[in-house]
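Each remark here refers to the structure printed beneath this line.
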């Protein structure tokens, strides 16, 4: 623990990202990447970047991307602000909006980066527990009365994959006095977006990312859609040149090729239905997912064989060994040792052959189906 | 002004980056880019990045780059921490080290981003005025007694290009109770680095960037060299995946090709001597630069023709019109409307033909030589 840094930083454990093995052998169903490669137009746009562009500073405002995204979303370019991944937008929003005496509010369980960002900022955290009833995940009542300057709602939620209808979010944003940041990292796989709200209300910002829907997790590109006045303030807090010239080229080409992206979304959504049904047939319970992953809950008693012969464990005791057994077979999924998640496994929807590998492995490990 | 953000954010004007024209016509001598393209190995490494790498999250810790940089600098990889440009390191250092009641100290005139970062963080600023005597720029006395948690010294300084001997920095860092961040953005053009200090002292961090020395301003890649314990703390505050896979590939290849980079530095240093002599012959005064730019001071009375016939102006009144006249001729340089800089022009050292264009234009504009 360093004496040179702020106490809240020294006390924080920091964020632990999902495993990113450097080899190509593992089937990665752990960090919600799109299983399909980016559009061929992305590769062409990146190949067209010149040494002269590498040598010079990139366009600071990512103007070309903003114009392309504005056209896709039916807003003006000043309602788009680009970031070095959606995570940078989250960090900037907290720093711009939440002072040391203020609170940031977010749901739990939800994206595990939020509490780390709040910790490091040294602000208060208002944690809003999801009302979980079986596979039904509901926002808590009176969420709009929360004492906070910034309220973050992931929709569809991670790690549950559940979707909150936009009408409910509209009512919350109308009643909430601060800023509502709707983290739509997974919206491309969902029935609808909260996009209408940014045109209706002065206090709603959407987070979008190219990481999932556009197969560009490797290029770190996210953006905000929101009222121009509010985005101008966030821009002051953001780095001055956050997007490199390659990321700008890739993102602009990706968002301009909606037809390609939509095709990958449709394939993921179709596989989600198939994988969900197969997991349920194996005795797992899961909410209907509107995302590109599912959160599979183990039964209270699980009969399984993880390589040491048949045994029976509670769901919470079984999740870790199942995660490890899958990892040994080259299948990475996500297991959170966090309250209300210990009996659950988050599984990204992969390409059909990857999903088959996962389902086959689970079929061998789980004995009670 | 938005009611949704913190008062210090609303009150800030934000940082204004140097102009980045989108066309290729202008000769850019305004933002200190390297005039030579990146190493051919950089282009090869970027071309080798696969669609599969674009689709997946990048290595969060930039391990391969850190190992390459550690080898170049003779430190261990845990003494290297990569950032999305040097600016991200500056922002992270302030957020990790400087609380709302604390101060960050920096020199003035110096990099104009520092006060903006402090403003947005809402911390105190201790501004340490350079002692400027003619072309002699000296750190103020008793700088180590400054009341601040973080002291930032750019060396070589921007915008003066002047160099502070490492022995002086060692004495300051030994006496200063907080963290000393030595911004070595321009060190590749200087006689020596403060690298030995990070091995001797627990409170020194160096900022390095690939933007200048390695011709990669377009790729946004900077890094810290410092004590492992301190860098672990900064890593908690930094974004989890700040470097995209292309930037990692480019930076690793660039720093591994020291021979190529050093050749560009030698050419810039040689041109710096030629340009400095030519500017002095035109009646301008400048400190000896250890950087890839010079800060040229106009005489107290300047006879010039910016297109409206001969006139005589004070140096401070002439700088703006000269900047504009150069811009009209397709030559961008930097002019800061800031205290003690109003009679000075900052000029990046370009390739020989670019420098000739600049010197020719100044020869026509300035009549008194």
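Quick one: label points 7 angstrom along Cα→Cβ at residue A:328, distances to the other copies in nm, smallest first?
Distances between equivalent label points, in nm: 7.8.
Can you give the relative contact order of chain A as a percent, counting alpha carbon pairs under 8 Å and 6+ residues apart? Could you put the intermediate results ahead of the total?
Working: 705 pairs, mean separation 79.7, N = 369.
The normalised contact order for chain A reaches 22 percent.
Taking the DSSP beta bridges in chain B as the whole, what percent of them are antiparallel, to the nearest 5?
On the way: 23 of 43 bridges.
Roughly 55 percent of the DSSP beta bridges within chain B come out antiparallel.
May I ask for the equivalent-ellipsoid semi-axes of the range A:40-257, computed as the square root of five times each C-alpha gyration tensor eigenvalue and listed largest first in whole Å?
On the way: eigenvalues 180, 69, 49 Å².
For the range A:40-257, the ellipsoid semi-axes come out as 30, 19, 16 Å.
How far is it, in nm, from the label point at residue B:356 to the one at residue B:71 when both lie 7 Å from their Cα along the line to the Cβ?
The two pseudo-label positions are separated by 4.0 nm.
For peptide A:245-252, compute the average count of partner chain beta-carbon atoms within 10 Å of each residue's beta-carbon.
4
When the scattering of chain B is computed by the Debye formula from its Cα atoms alone, each counted once and equally, what is log10 I(q)/I(0) at q = 0.06, 0.08, 0.09, 0.15 Å⁻¹?
-0.23, -0.42, -0.53, -1.39
How would you order A:175-187, A:196-208, A:5-17 from highest to lowest mean count of nearby Cβ atoms within 10 Å?
Details: A:175-187: 22.5, A:196-208: 20.2, A:5-17: 17.2.
Sorting A:175-187, A:196-208, A:5-17 by mean packing, highest first, produces A:175-187, A:196-208, A:5-17.
Shortest first and in nm with one decimal, please list how far the residue A:26 label point sits from its counterparts in the other copies (point 7 Å along Cα→Cβ).
Spacings between copies for this position, smallest first, are 4.6 nm.
What would the Debye equation give as log₁₀ I(q)/I(0) for the range B:149-205 at q = 0.16, 0.20, 0.24, 0.31 Å⁻¹, counting only Cα atoms as equal point scatterers?
Treating every Cα as an identical point scatterer, log10 I(q)/I(0) equals -0.42, -0.66, -0.94, -1.41.
Helix A:63-73: angle to the longest alpha-carbon principal axis of chain A, degrees 0 to 90, nearest 10?
Around 60 degrees separate the two axes.
I need to check one value: relative contact order of the range B:260-369, counting alpha carbon pairs closer than 8 Å and at least 6 residues apart, in percent. Intermediate results must be reported in sequence, preceding the final value.
Working: 169 pairs, mean separation 33.0, N = 110.
For the range B:260-369, the relative contact order is 30 percent.
Is it possible to state the helix-based mean residue ellipticity at 222 nm for the protein assembly as shown, with each DSSP H run of 4+ residues giving -39500 (n - 2.57), the sum divided by total residues, to the nearest 500 deg cm²/dmol? What is it? Please report the intermediate quantities before stating the final value.
Numbers: 26 runs with 280 residues, N = 738.
After summing the helix terms and dividing by residue count, I get -11500 deg cm²/dmol.
Can you work out the FRET efficiency for the pair residue A:44 and residue B:25, with r the C-beta to C-beta distance and R0 = 25 Å, to the nearest 0.05? List each step's numbers first, then the result.
Numbers: r = 25 Å, r/R0 = 1.00.
Efficiency, rounded to the nearest 0.05: 0.50.
D for the range A:21-149, whole µm²/s, Stokes-Einstein with Kirkwood Rh over alpha-carbon pairs at 25 °C and 0.890 mPa s: what number? Don't skip to the end; give the middle numbers.
Details: Rh = 18.9 Å.
Taking Rh from Cα pairs, D becomes 130 µm²/s.
Given a Förster distance of 60 Å, report the FRET efficiency between residue A:301 and residue A:52 from their Cβ-Cβ distance, rounded to the nearest 0.05. Provide the component values of the computation, followed by the final result.
Details: r = 65 Å, r/R0 = 1.08.
Once rounded, the FRET efficiency stands at 0.40.
Which FRET efficiency value, to the nearest 0.05, is calculated for residue B:327 and residue A:308 with the Förster distance at 60 angstrom and r the Cβ-Cβ distance? Numbers along the way, then the final one.
Details: r = 74 Å, r/R0 = 1.24.
The pair residue B:327/residue A:308 has a calculated efficiency of 0.20.
According to the Cα gyration tensor, what semi-axes, each the square root of 5 times an eigenvalue, does the equivalent ellipsoid of the range A:222-369 have, listed from largest to smallest in whole Å?
On the way: eigenvalues 292, 70, 41 Å².
Result for the range A:222-369: semi-axes of 38, 19, 14 Å.
Scale the Cα Rg of the range B:103-150 by the rule-of-thumb value 2.2 N^0.38 Å and send over the ratio, two decimals.
Numbers: Rg = 11.5 Å, N = 48, 2.2 N^0.38 = 9.6 Å.
Normalised Rg, Cα atoms only: 1.20.
Determine the shielding of peptide B:210-222 by partner chains: average, over its residues, the number of Cβ atoms on other chains within 10 angstrom of each Cβ.
Working: counts 1, 4, 0, 0, 2, 5, 5, 9, 16, 9, 12, 1, 0.
Per-residue shielding by partner chains comes out at 5.
Give the Debye-formula value of log10 I(q)/I(0) at each listed q (0.23, 0.25, 0.27 Å⁻¹), with one equal scatterer per alpha carbon of the range B:308-369, two decimals each.
Once normalised to I(0) and log-transformed, intensities are -1.04, -1.18, -1.30.
In cubic angstrom, how much convex hull volume per residue do the alpha carbon atoms of the protein assembly as shown span? Display every interim value, and only then the final one.
On the way: hull volume 109.9 nm³, N = 738.
Convex hull of Cα atoms, per residue: 149 Å³.
Within the range A:348-362, what residues put their amide N at less than 16 Å from the label point 7 Å along the Cα-to-Cβ vector of residue A:267?
A:349-357
Expressed as a rounded percentage, what relative contact order does the range A:40-257 have, with Cα pairs under 8 Å and six or more residues apart? Walk me through the numbers before you get to the answer.
Numbers: 396 pairs, mean separation 64.1, N = 218.
Averaging sequence separation for qualifying contacts and normalising by length gives 29 percent for the range A:40-257.
Mind giving me the nanometre distance, one decimal, between the label points for residue A:11 and residue B:363, set 7 Å out from Cα along Cα→Cβ?
Placing both labels 7 Å beyond Cα along the Cβ direction yields 6.7 nm.
Just checking the output field for B:95-102: average partner chain Cβ neighbours within 10 Å of each residue's Cβ?
Numbers: counts 8, 8, 5, 2, 7, 5, 1, 1.
The mean count of partner-chain Cβ atoms within 10 Å per residue comes to 5.
May I ask for the angle, rounded to the nearest 10°, between helix A:86-97 and the longest principal axis of chain A, with both axes built from Cα atoms and the value confined to 0 to 90°?
Its long axis makes an angle of about 60 degrees.
Report, in degrees rounded to the nearest 10, the 0 to 90 angle that the Cα long axis of helix B:228-237 makes with the longest principal axis of chain B.
With both axes taken from Cα atoms, the answer is about 80 degrees.
Quick note: the coordinates plus some simple rules give every number you see, no bench work behind them. It should be emphasised that the depicted structure is a prediction, and the values quoted were computed from it without experimental measurement. All Cβ positions, glycine included, derive from the backbone under ideal geometry; neighbour counts span all protein chains shown.
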